[in-house]
Amino acid sequence: MKKTTKLYALAGVTLLSASILAACGSKSSSSTEQNLSFPSEVTGEGTAVASAQLNYAWVSPTTSSGLLIDELTENTTDSTFGGMVDISMFGYDGNRKLDDSGLAKAEFDVDGKKITVSLTGKDYKWSDGEAFTIDDYIFTIKSLANKEYTGVRFDDKFLNIVGMEEFVAGTASDISGLKKVDDYTVELTVKEMSPSMMYAGGDVPAYVQPEHIYKDIPVKDWSSSEYSRSAKIVGMGPWKIKEIVNGESITYVPNEHYFKGAPKTSSLKIDIVSPDTIVSEMKAGNYDIAEMPVDQLDSYKDLSNLSIVGRLASSYEYISFNLGKYDEAAEKNVMNEDAKMNDVNLRQAIAYAIDTKTAGEKLYNGLYHPANSLIISFFGDLHDSELEGYSYDPEKAKKLLDEAGYKDVDGDGIREGKDGKEFKITFAARKRTEANEALVQQYISWWKEVGLNVELYTGRTVEINSFYDAVQANDPSIDMYAGGWSTGYDPNPSGLWGETAPFNMSRFVADENTKLLEAISSVASFDDATNLKNYKAWQQYAAEQAFAIPTFESETLTAINKRVKNYDTNFGSASGNGIALENIELTADKGVAAE
């Protein structure tokens, strides 16, 4: 899985009171039973206007950091801007499995523990016209292994390459498991084969940078280089950057060297647009495409100038806990056995106390569905749809708290700690939309109903970048937090909840958790039946331990202006983010406004 520290923003609705939300009871249901509410593609009609500019609205309450290379980006805003230029090595099919549609293909010798990565063409060029070879891929792998690399992409998939640990430690001058076959092929010998290697974003390194540029830039300076932050960025994607307005927009022109052929519009402009204004912007025809806030559905679903398409989001919302810290020296998570929230009964009670079904229906037009597992239904059969999860049961929550020793000693309706003293939980949440503000307040109200005193960290929701900085640093003032993940297309949860995962911000560590995650990553899981069994075993364990409580998975809605042809929500775009803008055509000089 790939972390995205800022999920798509959800725009505002009228703040609902606790009494309105509580009026509807909750019943358990699996989101796999839900049908998508809208079609998945727009074909469109009319003759294409070659000179028209495609206007894309990236709906977000926050600006970009300015980074544009995927070796360094850490949020979806940056990766969306950069992904138009800087793409990864591999393509994938509708099941998110690697295929030969990208710059390279991967072939697996399971018994020999070898991966052969070969380019799918021999005349590919970077956007500046320089030749693209397997040397660029090899260079990138070695650069990310450099001790001065400042990003978060270097992980177990790299350390799995034979000789990588010695190379990192400086006891070897090269990586013994990395063998260049020719200018278009490299063979990787690995310590262990993993089923995740078969998936996009999985266990095969996929990042690639132009060696002819970055070989002259110290790795420690990549993040400040103009080639990482300006129109000088060189990539293999369908677009080149023409102009940047820092923190606001980027205008692109077609990359004439793009290996699948240049995009079909004369230019592309991506603007960051507030969730609070996107409906009026789309109504006016100012943008051709925008992922829309589901909580404002009624305000745009019937607009005459728009078509609405939908897909199941590869993301989920969750509540987790501050249970330890990340040991930078040891490069692993260390759990604090004395952490305030290190009580499984307390964590389970917190989960049973909230009514996600009612919240999803009332705040998000029924497009947010209760999540029962940390492996969401986006992943098909690997998702355990029969897992009970945590449905709304305040009486069970109260019983668990009683059994754990959290009791109301002084009769004020608020429970004291096991020692009989005041017990307060500090809860951090991202600042997003009015719907989110209502949800956060409702959470606090529901927890109060079972006797828990929960207060907001800093007294309010926190700007997204600051929120994740504090959570990832394990700010001791935070006991519990509500976050969100974009899963990517590899279902393996080790990168989010494993012992060595920096993104395991709860810092939950247990031998059984490690054992179950290792089983998912084992060679045995190349067998479909074994793979399914291992995934379901971990889901059951994660639910029982409640170190992270999945709250919502959702449908994503995109509004498409009537002048757009050939928009498809199916995955597999060159940019690797599901947005195949290079295939779109426009049938008018400017966007169509609503009547």
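The values are calculated or read from the model by the stated rules, or taken from the named source; none is laboratory data. Treat the numbers as computed from the prediction; the structure is a model and nothing was measured. With ideal geometry, Cβ positions are generated from the backbone for all residues, glycine too; neighbour counts draw on all protein chains shown. All accessible areas refer to the heavy atoms of the entire protein, side chains included, with ligands and DNA or RNA removed. Shrake-Rupley method; radii C 1.70, N 1.55, O 1.52, S 1.80 Å.
Identify all residues within the stretch 517-542 that are surrounded by fewer than 22 Cβ atoms within 10 Å (Cβ to Cβ) and under 25 Å from ALA349 (Cα atoms); write none if there are none. Answer for the stretch 517-542, where residues must be surrounded by fewer than 22 Cβ atoms within 10 Å (Cβ to Cβ) and under 25 Å from ALA349 (Cα atoms): LYS536, ALA537, GLN540, TYR541. Scan the stretch 430-445 and tell me whether some residue there is free of Cβ contacts under 8 Å to residues at least 24 places away in the same chain and surrounded by fewer than 16 Cβ atoms within 10 Å (Cβ to Cβ). No; the residues of the stretch 430-445 include none that is free of Cβ contacts under 8 Å to residues at least 24 places away in the same chain and surrounded by fewer than 16 Cβ atoms within 10 Å (Cβ to Cβ). Within the stretch 283-314, being in contact with a Leu (Cβ under 6 Å, 6 or more places away or on another chain) and buried (at least 21 other Cβ atoms within 10 Å of the Cβ) holds for ASP288, MET292, PRO293, VAL294, ASP295. Scanning the stretch 375-396 for residues that are outside any helix (DSSP H, G or I), among the hydrophobic types (A, V, I, L, M, F, W, C) and surrounded by fewer than 22 Cβ atoms within 10 Å (Cβ to Cβ) yields a single hit, LEU387. Filtered by the rule that a residue be basic (Lys, Arg) and either closer than 18 Å to PRO263 by Cβ or in contact with a Pro (Cβ under 6 Å, 6 or more places away or on another chain) (or both), the stretch 216-249 gives LYS240, LYS242. For LYS105, the conditions (1) more than 25 Å from PHE526 (Cβ to Cβ); (2) in a strand (DSSP E or B) are fulfilled apart from (1).
Taking the stretch 11-62 only, how many residues are at pLDDT 50 or above and open to solvent by 40 Å² or more (accessible area, probe 1.4 Å)?
Start the filter on the stretch 11-62 by keeping residues that are at pLDDT 50 or above, which leaves 35-62.
With open to solvent by 40 Å² or more (accessible area, probe 1.4 Å) added as a condition, the list becomes 35-41, 43, 45-48, 50-51, 53, 61.
Residues that pass the stated criteria total 16.
When the stretch 409-429 is filtered for residues that are of a type in the set (D, E, K, R), assigned to a loop (DSSP other than H, G, I, E, B) and touching a residue at least 12 places away in the same chain (Cβ under 8 Å), the ones remaining, listed by number, are ARG415, LYS418. Kindly check whether there is at least one residue in the stretch 156-169 that is without any contact (Cβ under 8 Å) to a residue 24 or more places away in the chain, open to solvent by 30 Å² or more (accessible area, probe 1.4 Å) and under 24 Å from the mean Cα position of the chain (by Cα). Scanning the stretch 156-169 turns up at least one residue that is without any contact (Cβ under 8 Å) to a residue 24 or more places away in the chain, open to solvent by 30 Å² or more (accessible area, probe 1.4 Å) and under 24 Å from the mean Cα position of the chain (by Cα). For the stretch 254-272, a residue qualifies if it is of a type in the set (A, V, I, L, M, F, W, C) and surrounded by fewer than 22 Cβ atoms within 10 Å (Cβ to Cβ), and the qualifying residues are PHE259, ALA262, ILE272.
For THR458, only one of the following conditions fails: (1) surrounded by 21 or more Cβ atoms within 10 Å (Cβ to Cβ); (2) farther than 30 Å from ASP298 by Cα; (3) among the polar types (S, T, N, Q). What is its number? Result: THR458 passes all but (1).
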